[in-house]
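Comments concern the structure below.
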Amino acid sequence: MKYINKKLTVEKTNFQKIANKYGTPLYCYSYTKLKENIINFKKNFNSFSPLICFAIKSNTNLNLLKEIKKFGLGADVVSAGELIMALKAGINPNKIVFSGVGKTSEEINFAIKKKILLINAESFSEIKEINKIAKSKRQKVNIGIRLNPNTDAKTLNQISTGKKENKFGVNKNTFYKIINFCKNSNHIDLKCLSVHIGSQILDYRPYEKMLRAVSIILKKVNHNFEFIDLGGGMGISYSNKDKKLNYKKYNIAILKFLKSHNTKIIFEPGRSIVGNAGTLIAKVIYIKDSERKKFIILDAAMNDLMRPALYGAIHKTLPVIKSNKISKKTYEFVGPICESTDRFLTLNKFQELKEKDLIAICDVGAYGMSLSSNYNLRLKPAEILIKGSKVKVIKKRQKHSDLI
């Protein structure tokens, strides 16, 4: 994104023009940025050619998934709904892994029926349930075990998943028991060891620690894993203060790991693929002056973008039309929902705004629309894909008749 003649522009299209045509709030995705992210991700790890399974939970738009599929990516899913969406997008079942701590019997049945690559189990009880279902079908099912390596990802507590107090995966003692159970089963083929320590990780060192923990355990077990699924979690820069993840050092750590372990690597990136490809355009409805600040009341709310309310996440926010006038008062950007948590951020020295002006909330491609809701019976925004000067509606704006 850049300003051309003081108008904020993505690729060859300015946001003012888009908003006038399609309305607000509006999710806009840049195809060029999406493509660039996928190519760069592949390039960073081309020394060992991993299987890249896009984390569907980060963005569930069918049309975007179809674009992602064209680059040869698979899918990481955590529900039957996500699995259905991945298959609908044309993603090869042999490139789909099913993660999650609470798969129902119906979901396991469905995954087996669709012959996906792996069901990554997260408890002994789940392993037993998969075995029971596979036995009833007289089939052998490919599975993975998610190990909890007790590794601090140095990220937000809400999105940390690799510490012993987190609900995810099994500890090493349970892990050993599961291996013995699988060896005695005729219906389970244990092909994968899976780990995922968290999300929005910007430091390569927790990944190094995770790899060391996995390596120690692998040396203790008499089992050959065809796959090691390292999960995802690679972060993006939401602000100028965020440092970038050093992919080169992470790549070196994996190559070192692979010298001792002959296995294929699986990744489950989401945010790093689509996060900075998305922008939310919102309109200023009202400006309410208070003693110390001005409330900038937007037509976008926490139901459209949950991350600030849920995590306290901060998204860079820009005016769609640039001017040199700076507000003397602090601006607090808020939505119309009946909750005090319905606020995006507070900024000093922001450009002076007036009612009906547009703003752009950046880097919302991941966990933006996928976390959206109809709270307060608000309609979900439209989504568009921008390719140069071409704009395609990839999801229509909801109507009240869709809800009621």
Item to check | Single residue of 8, 65 found to be within 25 Å of residue 199 (Cα to Cα) and either in a helix (DSSP H, G or I) or modelled with pLDDT of 95 or more (or both) | outcome: 65
Next on the checklist: Within region 277-285, does at least one residue satisfy the condition of being outside any strand (DSSP E or B) and either surrounded by fewer than 21 Cβ atoms within 10 Å (Cβ to Cβ) or among the hydroxyl-bearing types (Ser, Thr, Tyr) (or both)?
Outcome noted: no
Item to check | Residues that are outside any helix (DSSP H, G or I) and closer than 18 Å to residue 180 by Cα, drawn from region 199-223 | outcome: 221, 222, 223
Checklist entry - Does region 271-306 hold any residues that are within 14 Å of residue 366 (Cβ to Cβ) and either free of Cβ contacts under 8 Å to residues at least 60 places away in the same chain or touching a helix residue (DSSP H, G or I) at 6+ places or on another chain (Cβ under 7 Å) (or both), and which are they? => result 271, 272, 273, 274, 276, 277, 306
Next on the checklist: Quick check on residue 97: is it open to solvent by 10 Å² or more (accessible area, probe 1.4 Å) and hydrophobic (A, V, I, L, M, F, W, C)?
Outcome noted: no
Checklist outcome for this item: Scanning region 317-333 residue by residue, the ones that are open to solvent by less than 60 Å² (accessible area, probe 1.4 Å), outside any loop (DSSP other than H, G, I, E, B) and not polar (S, T, N, Q) total 5
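Yes/no per residue for (1) surrounded by 19 or more Cβ atoms within 10 Å (Cβ to Cβ); (2) at pLDDT 95 or above; (3) aliphatic (A, V, I, L, M):
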{"site": "300", "(1), (2), (3)": "yes, yes, yes"}
{"site": "305", "(1), (2), (3)": "yes, yes, yes"}
{"site": "315", "(1), (2), (3)": "yes, yes, no"}
{"site": "335", "(1), (2), (3)": "yes, yes, no"}
{"site": "354", "(1), (2), (3)": "no, yes, no"}
{"site": "360", "(1), (2), (3)": "yes, yes, yes"}
{"site": "372", "(1), (2), (3)": "yes, yes, no"}
{"site": "376", "(1), (2), (3)": "no, yes, no"}
Checklist entry - Which of the residues that make up region 340-377 are in contact with a Phe, Trp or Tyr (Cβ under 8 Å, 6 or more places away or on another chain), in a loop (DSSP other than H, G, I, E, B) and within 26 Å of residue 33 (Cα to Cα)? => result 363, 364, 365, 368
Item to check | Matching residues, region 31-60, being among the polar types (S, T, N, Q) and open to solvent by 10 Å² or more (accessible area, probe 1.4 Å) | outcome: 32, 37, 40, 44, 46, 47, 49, 60
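The values are calculated or read from the model by the stated rules, or taken from the named source; none is laboratory data. Since the structure is predicted, the reported quantities are computational estimates derived from the model, not experimental observations. Cβ atoms come from the backbone with ideal geometry, glycine included; neighbour counts cover every protein chain shown. To get the accessible areas, we keep the full protein, side chains included, count just its heavy atoms, and leave off ligands, DNA and RNA. Shrake-Rupley method; radii C 1.70, N 1.55, O 1.52, S 1.80 Å.
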